[in-house]
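Enquirer: To start, I am sharing the structure in question, which I have written as structure tokens.
Each value in this text was obtained by applying a stated rule to the coordinates, not by laboratory testing. Worth saying up front: this structure is predicted, and the values here are computed from it rather than measured. Glycine also receives a Cβ, built like all others from the backbone with ideal geometry; neighbour counts cover every protein chain displayed.
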Amino acid sequence: MSIRKRAAALVTAAAITASMAGCSDTSYIAKADGENINAGIYIDYMLSSMQSQIYMWQYTGVTEDFFDQKVGDKDFATYLLDTAMEKTKRYAAVEKLFKDSEMKISADDMKSINNDISDTWESVSKLYESEGISKDSLKKVAVNSKKEEMLFDYYFGKEGKEKVSKDELVKYMNDSYVRFKAITIYKSTNEDETQKEAENKEKQELYEKYSEKAKDVKFADFDALIDEYNTETTPAEEDDTTADDTAADDTTADTNDDSSNADESSKGDDSSKADDASSDADSSKADESSEKEVTESVSSFEDKAEDSSVADDSSVTDSKSDDSSAADESKADESKADTDSKADESNTDDSAADDTETTGESLSDPDETEADIPDPYTNERLINFAEIDEDTLKEDYGKRMQAVRDAKTDDIVTYEDDSAYYIMSIGDVTERSSEYLDDETNFDTVLHEAKDKDFEAKITAAQDAMKFEENKDAVDRYLPKTVYEKYNDYLNKNSNSKAS
């Protein structure tokens with residue numbers, strides 16, 4: 001072969017090699033305005049969305065063949081691909097908006113983030129590495145979550161560019177919320193049909209008795225009827241907390257902790273973690289030398305944040321792994337409505353957790369302790385009706401709340417479904433909203449309810465303005481079934497549990 005031909009062949013070979021190397025670079029999942037986004041970020045979003053959806057299915061009895069299931073009108077694999085990429089694009093938009101805002105994360109917040117990441121990495125680094133998620137990528141996701149939190153305050157907080165006054169939130173509550181107290185009489189779940197029939201006859205008699213008693217009772221006086229019901233239905237030897245129902249059972253906090261009511265007042269955000277197989281290989285090895293073996297299934301890890309350099313997947317083999325954020329947006333923002341409302345109908349007292357509970361009155365007597373003064377709002381519920389989606393409105397919980405919404409102050413609304421009888425007294429939201437918002441936590445909750453859509457619009461606009469280029473090779477490499485198999489393999493090796 002002539003020198004000229006040999007040289008040409010070498011040039012061609014070099015070009016082919018370079019081309020192949022470029023196509024096989026899966027260290028990044030996409031470019032946003034020319035900047036690489038770690039593949040691990042995308043994997044983590046996929047993993048946490050996967051875990052959240054599987055958890056929801058398991059809660060309703062689906063324990064296997066997950067990839068034969070559908071989420072909405074999408075098969076599970078397509079849903080995970082779309083969700084992971086949507087969250088990755090959102091990540092990029094938040095980074096852009098935060099940079100434009102010229103804000104900085106405080107040293108204290110960064111210290112807290114770093115500590116959280118270190119603790120998580122120590123516990124489950126083997127999973128992260130097997131999936132292709134570096135410690136650096138976990139930090140990036142965590143920092144991004146913190147940036148998003150700061151951005152919301154930047155726009156709508158008390159000193160924000162578009163700050164929202166208390167008067168505006170009072171109006172929002174008055175327009176959107178319902179207020180009520182309730183007696184819930186659960187039907188029998190006895191497996192013996194004869195006993196079940198007898199018990200349900202007693203339940204129906206209680207329902208008819210207290211429905212009649214409630215007819216002339218005003219909202220302000222309904223607590224006395226609840227107390228009467230509790231006294232009648234609670235065995236003398238048992239504590240009051242064992243009462244058949246009513247708000248007294250569940251007046252524990254200003255929260256929507258009842259899984260049945262998550263639809264109307266909780267917002268899931270898949271703030272899960274994901275990272276690419278990074279060129280942090282050396283530092284990963286150092287971390288791994290001190291890591292602890294996990295013997296339990298992985299717990300959730302969310303809402304952390306970080307700024308660090310992009311890790312390079314090219315130095316890591318196909319088996320780098322990520323932690324399973326056990327609950328993500330979910331916390332469930334995609335599939336909560338159906339399962340939550342069903343849980344509400346069968347498991348919990350309507351008065352127990354249908355809503356965002358309220359705080360008690362401030363103390364006026366310095367000689368009295370908080371425990372000495374009864375909470376005047378123990379039995380009442382405040383529900384953001386505007387947060388109930390259309391699908392939930394078609395279910396029993398939504399229909400019940402619609403009946404409350406349509407009623408007038410001091411009306412008595414009764415409702416029956418397969419699980420229980422409900423006797424509800426309707427209150428006036430306008431009498432409660434201003435005081436409710438005096439509590440800082442309540443104020444923040446309602447602020448988000450009122451402005452989350454506006455905030456999402458800002459993120460979407462920033463995202464749409466960016467040039468986003470997906471890395472097909474990385475997308476093809478980190479497939480949902482591959483992520484699932486590695487996660488399941490990790491669980492099998494490190495615990496007795498299996499994701500099925």
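Enquirer: Please say if the range 87-235 is rounded, prolate or oblate, where rounded means a/c under 1.5 for a ≥ b ≥ c the square roots of the C-alpha gyration tensor eigenvalues, and otherwise the choice is prolate for a/b larger than b/c and oblate otherwise?
Expert: Details: a/c = 3.88, a/b = 1.83, b/c = 2.12.
Oblate, because a/c is 1.5 or more while a/b does not exceed b/c.
Enquirer: Could you work out how far the C-alpha centroid of the range 21-65 sits from that of the range 447-478, in angstrom?
Expert: First find each Cα centre; the distance between them is then 15 Å.
Enquirer: Taking the Cα atoms of the range 391-495, what is the range of coordinates along each of the three principal axes, in descending order and whole Å?
Expert: Here the spans come out as 63, 40, 28 Å, largest first.
Enquirer: What does a probe at Lys218 reach in the range 419-434, counting residues whose amide N is under 16 Å from the point 7 Å along Cα→Cβ?
Expert: Of the residues in the range 419-434, 425-432 have backbone N under 16 Å from the label point off Lys218.
Enquirer: Also, I was wondering about something else. If neighbour count is taken as other Cβ atoms inside 10 Å, put Ser137, Ser145 in order from fewest to most. Could you put the intermediate results ahead of the total?
Expert: Details: Ser137 33, Ser145 22.
In order of increasing Cβ crowding within 10 Å: Ser145, Ser137.
Enquirer: Using a Förster distance of 25 angstrom, determine the FRET efficiency expected from the C-beta separation of Thr414 and Glu205, and round it to 0.05. Please list the in-between numbers first.
Expert: Values: r = 15 Å, r/R0 = 0.58.
Efficiency computed from Cβ-Cβ geometry: 0.95.
Enquirer: Based on the Cβ-Cβ distance from Ser24 to Ala465, what FRET efficiency comes out when R0 is 30 Å, to the nearest 0.05?
Expert: On the way: r = 31 Å, r/R0 = 1.02.
Once the sixth-power term is evaluated, E becomes 0.45.
Enquirer: Same structure, new question: Highest mean first, what order results for 27-33, 416-422 on Cβ atoms within 10 Å? Could you put the intermediate results ahead of the total?
Expert: Numbers: 27-33: 21.1, 416-422: 18.1.
Packing proxy ranking, top to bottom: 27-33, 416-422.
Enquirer: Which cross-chain or sequence-distant (5 or more) residues have an amide H under 5 Å from the amide H of Thr409, H modelled 1.01 Å from N in plane?
Expert: Counting only residues 5 or more places away or on other chains, the set is empty.
Enquirer: Sorted by mean Cβ packing within 10 Å, highest first, what order do the peptides 213-223, 48-58, 185-195 take?
Expert: Listed from highest to lowest mean packing, they are 48-58, 213-223, 185-195.
Enquirer: Along the Cα→Cβ direction, 7 angstrom out, place labels at Asp476 and Glu159. What is the inter-label distance in nm?
Expert: In this crude label model, Asp476 to Glu159 measures out at 5.1 nm.
Enquirer: By how many nm would the segment from Lys99 to Glu86 lengthen if fully extended, with 0.36 nm per residue of separation less the alpha-carbon distance?
Expert: On the way: separation 13, 0.36 × 13 = 4.68 nm, distance 2.02 nm.
Roughly 2.7 nm would be gained on extension.
Enquirer: While we're here: Each label point is 7 Å from the Cα along the Cα-to-Cβ direction; what then is the distance between the points at Asp454 and Asp192, in nm?
Expert: With each label placed 7 Å out from Cα toward Cβ, I get 6.0 nm.
Enquirer: What is the packing order of peptides 126-135, 36-45, 452-461, taking the mean over residues of other C-beta atoms within 10 Å and listing the highest first?
Expert: Values: 126-135: 29.3, 36-45: 31.4, 452-461: 13.2.
Packing order, densest peptide first, comes out as 36-45, 126-135, 452-461.
Enquirer: Also, quick follow-up: Nearest 0.05, what FRET efficiency do Asp109 and Ala386 give at R0 = 25 Å with Cβ-Cβ as r?
Expert: Working: r = 32 Å, r/R0 = 1.28.
E between Asp109 and Ala386, to the nearest 0.05, is 0.20.
Enquirer: Along the Cα→Cβ direction, 7 angstrom out, place labels at Thr63 and Asp375. What is the inter-label distance in nm?
Expert: 3.6 nm
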